[in-house]
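Every number in this text was worked out from the coordinates using simple rules, so none of it is lab data. On a predicted model such as this, the values are computed, not experimentally measured, just so you know. Because the Cβ atoms are built from the backbone with ideal geometry, glycine has one as well, and the counts that use them run over all protein chains shown.
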Amino acid sequence: MIETRRRPKRDFLFIDESGEPGLETDYYILGLVHLTDISFEKMNIHLGALRYFGNIKKELKSTDLNPLQREKLHAILKIMSSQGDFLKATAVFVRKGRYSGPYLLASQDSLKFRHYILRKLLECHFEKFQPQTNEIELILDRFHTGEDKERQMRNYLRTDRYNCLPDFLHIVQVDSRYIDFLQIADWVAGTIKEVYFTHPERKYKDLSHYIHICEITC
């Protein structure tokens, strides 16, 4: 009997940041993890095993993991992305000293800068990876505390004059403390921060094989 391959019904994109959208840090990074409902289930099994055997009781954020735990998570992402399961990761980073684009220098425009780099992240991601379904959910860590700012973000991402982005079924903000996949997105952003900014000696030699990395300069 031939087993029928399941088709995904929904895409999930999880996004978290590292650094500040203003001038407090010399970098700003966004990490994205993209799964389908099918790879979501498989990844949950891996993460459950990682928590159990790695004795991880805290969040899966880059700052909360020890070197061995970070290496195990690195291995899981590499395995999932290389075995045909749909798990794609993208990160964009800004070296603020090199950046010549809009919104950074005016502190009152930090909201616009964050939204602008978020759009750049999504454009960079979808240039390389296609959605697997027509139902796409965008889940972000709670960047904005006010409904007004959240509404501006949604409207900005849904106003796509050049057809660079797909239509999003939902755009939501949640607290990363109870969403493991947002914590994985934080790990992606945190890894880029270490490799490019704070700890270049910790380079993962095959990082670019499973994280699509773009520098935003304008």
Based only on other Cβ atoms within 10 Å, what is the fewest-to-most ordering of C124, C218?
C218, C124
Of the candidates S100, S110, S176, which one comes out as most mobile in a Gaussian network treatment of the chain with C-alpha springs shorter than 10 Å?
S100
Could you tell me the largest-minus-smallest coordinate of the C-alpha atoms of segment 68-167 on each of the three principal axes, in descending order and whole angstroms?
44, 35, 27
What is the antiparallel percent of DSSP beta bridges lying wholly in the chain, to the nearest 5?
55 percent
Considering only Cα-Cα distances, which of the following residue pairs are longer than 25 Å: K88/K149; K120/K149; K9/K112; K72/K193; K42/K112?
K88/K149; K9/K112; K42/K112
Excluding residues on the same chain fewer than 8 positions from K96, give the aspartates and glutamates whose Cα lies under 18 Å from its Cα.
E17, E20, E24, D26, D109, E194, E215
Most exposed to least, judged by fewest other Cβ atoms within 10 Å, I192, I136, I79 sort to I79, I136, I192
Rank the residues T191, T159 as a footprinting-exposure proxy: fewest other Cβ atoms within 10 Å of their Cβ go first.
T159, T191
Orphan Cys of the chain, criterion: no other Cys C-beta under 4.7 Å:
C164, C218
Student exercise, the chain dipole from Lys, Arg, Asp, Glu Cβ charges, in Debye to nearest 20
320 debye
Computed over segment 11-215, the distribution of all Cα-Cα distances in 10 Å bins, rounded to whole %, is 8, 36, 38, 16, 1
For the chain, what does -39500 (n - 2.57) per DSSP helix run (n ≥ 4), summed and divided by total residues, give at 222 nm, in deg cm²/dmol to the nearest 500?
-12000 deg cm²/dmol
Along the Cα-to-Cβ line of T217, 7 Å from the Cα, sits a label point; which residues in segment 84-99 have backbone N less than 15 Å from it?
93-99
